[in-house]
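Peer 1: If you scroll down you'll find the structure; I have some questions about it.
The values are calculated or read from the model by the stated rules, or taken from the named source; none is laboratory data. The structure presented is a predicted model; accordingly, all values stated were derived computationally and were not measured. Ideal geometry is used to build each Cβ from the backbone, glycine not excepted, and the neighbour counts take in all protein chains shown. Please note that ligands, DNA and RNA were not included when accessible areas were found on the heavy atoms of the full protein model with its side chains. Shrake-Rupley method; radii C 1.70, N 1.55, O 1.52, S 1.80 Å.
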Amino acid sequence: MPIFRQVATTPQQKKRKGIFGLSGNVIALGFVSFLTDVSSEMIYPLLPVFLTTILGVSYSFVGLIEGVAETTASIVKFFSGWISDKLRKRKTLVFIGYSLSSVTRPLVALATAGWHILAIRFADRVGKGIRTSPRDALVASSCSESDRGKAFGFHRGMDHAGAVLGPLLAFGLLALMPNQYRLVFALASIPGIISLFVVSLFVTESVPKSNSRRSESENTPAKGELTAEIKKISLSIKPFDKRFKWFLVIVILFTLGNSSDAFLILRAKSLEVPVALLPILWVVLHIVKMVSSMPGGILSDNIGRKKVIIAGWLVYALVYFGFAYASAAWHIWLLFAVYGFFFGLTEGTEKALVADLVPNELRGTAYGLYNFAIGIAALPASLLMGIIWQIFGVIPAFLFGASLAFIAAILFVLTIPLEKK
């Protein structure tokens, strides 16, 4: 079956360019993420309302569902990247991950109790965890080093495009059919199923190769060498150099100040942004993410990854400083728009930097470690934000996030030398 076919990437294949000068694999994976996000974002913005008003669950149970979901995804991402390096079959895991999410997510339409949603979200996030690290490694191996920022920027841009279209479709359907949540959830299965056909038909395996200076023909290891190489791949941070290790430490520090965006919504409500306009505010954020992701990646290809990441973190620090002292509704709209540029500068660029810092045959494990680092720090980040806000007030809460972002940027400069472009 084509789903599990393994095809080595040849020099000729790497030269084949499609849209924006990117390979067919990168384009296909971008459209897969677009379709998947259309599906998921038709459901998730409505899920809290569905849980509390239709199923009658408590707010604490809603928090439990999201906590379990995100923790599950972080842990599975860690292991799936390592497994993809061991098996040397990234596409298989990508297909399994997308399949699990696409099949289970629309089951929300049939849920009659809170624990049904908990089980569905758990399965969905297992699927996300399975696919994310192998997919990122597949993107990295499907483009040249000089185009990595552009490739990851395109992928993130397509992801955010889906996050724009999905909520608009959901709210449009609800405007035509008020309160028909279950029908909207069922219709969300359509783009998810289409995404599986795209993975099956248009995504090809890219076999990890050594990053040594051997010629292209020598770069494919013999059977005995391959077996020895695979045995070296361990679930450990030891094989990586100190630059990657420092990067993980700094990312954890930054993420401790990067709390859930739900706090930004609460800040918007506190400054009297109408509840009816909150979804539009969210769409504005995703539009800026969408249009800035690819330019941000291209910029990192031209001037260096670390410079762009540092610029993005400084934007984050300034935005959180702004949220701390905002005093009018229009401040919130402006800050949300500027906040989108933080994602455009950093999301794709950070993933491109991971590929720059590690050898090809260890990229799955590296992306697993990177995603796991963000996941384990994201949980206490939101907890800290909530505690500081409750005890000391809104200004110290947002200044805490701004301060950690600024400190992380300084450490980045001091510990990892900037590229010379």
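Peer 1: Among Lys245, Lys289, which is the only one that is assigned to a helix (DSSP H, G or I), open to solvent by 40 Å² or more (accessible area, probe 1.4 Å) and modelled with pLDDT of 90 or more?
Peer 2: Every option except Lys245 fails the conditions.
Peer 1: So if I check each of Ser133, Ser146, Ser141, which one is within 13 Å of the chain's Cα centre (by Cα) and polar (S, T, N, Q)?
Peer 2: Only one candidate qualifies: Ser133.
Peer 1: Please identify the pairs in which a residue from the range 262-280 that is open to solvent by less than 60 Å² (accessible area, probe 1.4 Å) and β-branched (Val, Ile, Thr) has its Cβ atom under 6 Å from the Cβ atom of a residue that is in a helix (DSSP H, G or I) and modelled with pLDDT of 80 or more, counting only partners at least 6 apart or on another chain.
Peer 2: Val273/Ala329; Val273/Ile332
Peer 1: Return yes or no: is Ile96 assigned to a helix (DSSP H, G or I), at pLDDT below 85 and in contact with a helix residue (DSSP H, G or I) (Cβ under 7 Å, 6 or more places away or on another chain)?
Peer 2: no
Peer 1: So how many residues does the range 65-101 have that are open to solvent by 30 Å² or more (accessible area, probe 1.4 Å) and of a type in the set (A, V, I, L, M)?
Peer 2: Residues meeting the conditions: 7.
Peer 1: Continuing with the same structure: Check the range 344-360 and report whether any residue there is farther than 17 Å from Phe247 by Cβ, open to solvent by 30 Å² or more (accessible area, probe 1.4 Å), at pLDDT 90 or above and in contact with a helix residue (DSSP H, G or I) (Cβ under 6 Å, 6 or more places away or on another chain).
Peer 2: No - not one qualifying residue is present in the range 344-360.
Peer 1: Within the range 382-392, is there a residue that is over 15 Å from Tyr316 (Cα atoms), within 18 Å of the chain's Cα centre (by Cα) and open to solvent by less than 60 Å² (accessible area, probe 1.4 Å)?
Peer 2: yes
Peer 1: Tell me, yes or no, whether the range 300-322 has at least one residue that is touching a Gly at 6+ places or on another chain (Cβ under 8 Å), of a type in the set (Val, Ile, Thr), open to solvent by 10 Å² or more (accessible area, probe 1.4 Å) and modelled with pLDDT of 95 or more.
Peer 2: no
Peer 1: Further, regarding this structure: Please specify each residue of the range 248-280 satisfying the condition of being over 27 Å from Asn371 (Cα atoms) and assigned to a helix (DSSP H, G or I).
Peer 2: Correct list: Arg267, Ala268, Lys269, Ser270, Val275, Ala276, Leu277, Leu278, Pro279, Ile280.
Peer 1: With (1) buried (at least 19 other Cβ atoms within 10 Å of the Cβ); (2) more than 23 Å from Ala381 (Cα to Cα); (3) not aliphatic (A, V, I, L, M) as the list, and Phe254 as the residue in question, which single condition is left unmet?
Peer 2: (2)
Peer 1: Checking the condition open to solvent by 80 Å² or more (accessible area, probe 1.4 Å) and within 27 Å of Arg305 (Cβ to Cβ), which residue from Phe406, Phe412, Phe400 passes?
Peer 2: Sole residue among the options that is open to solvent by 80 Å² or more (accessible area, probe 1.4 Å) and within 27 Å of Arg305 (Cβ to Cβ): Phe406.
Peer 1: Is it the case that the range 57-76 has a residue that's over 21 Å from the mean Cα position of the chain (by Cα), of a type outside the set (Val, Ile, Thr) and not in a helix (DSSP H, G or I)?
Peer 2: Within the range 57-76, one or more residues are over 21 Å from the mean Cα position of the chain (by Cα), of a type outside the set (Val, Ile, Thr) and not in a helix (DSSP H, G or I).
Results for (1) touching a Pro at 6+ places or on another chain (Cβ under 8 Å); (2) not aliphatic (A, V, I, L, M), shown as yes or no for each residue.
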{"position": "Gly21", "(1), (2)": "no, yes"}
{"position": "Met42", "(1), (2)": "yes, no"}
{"position": "Phe50", "(1), (2)": "no, yes"}
{"position": "Ile54", "(1), (2)": "no, no"}
{"position": "Val68", "(1), (2)": "no, no"}
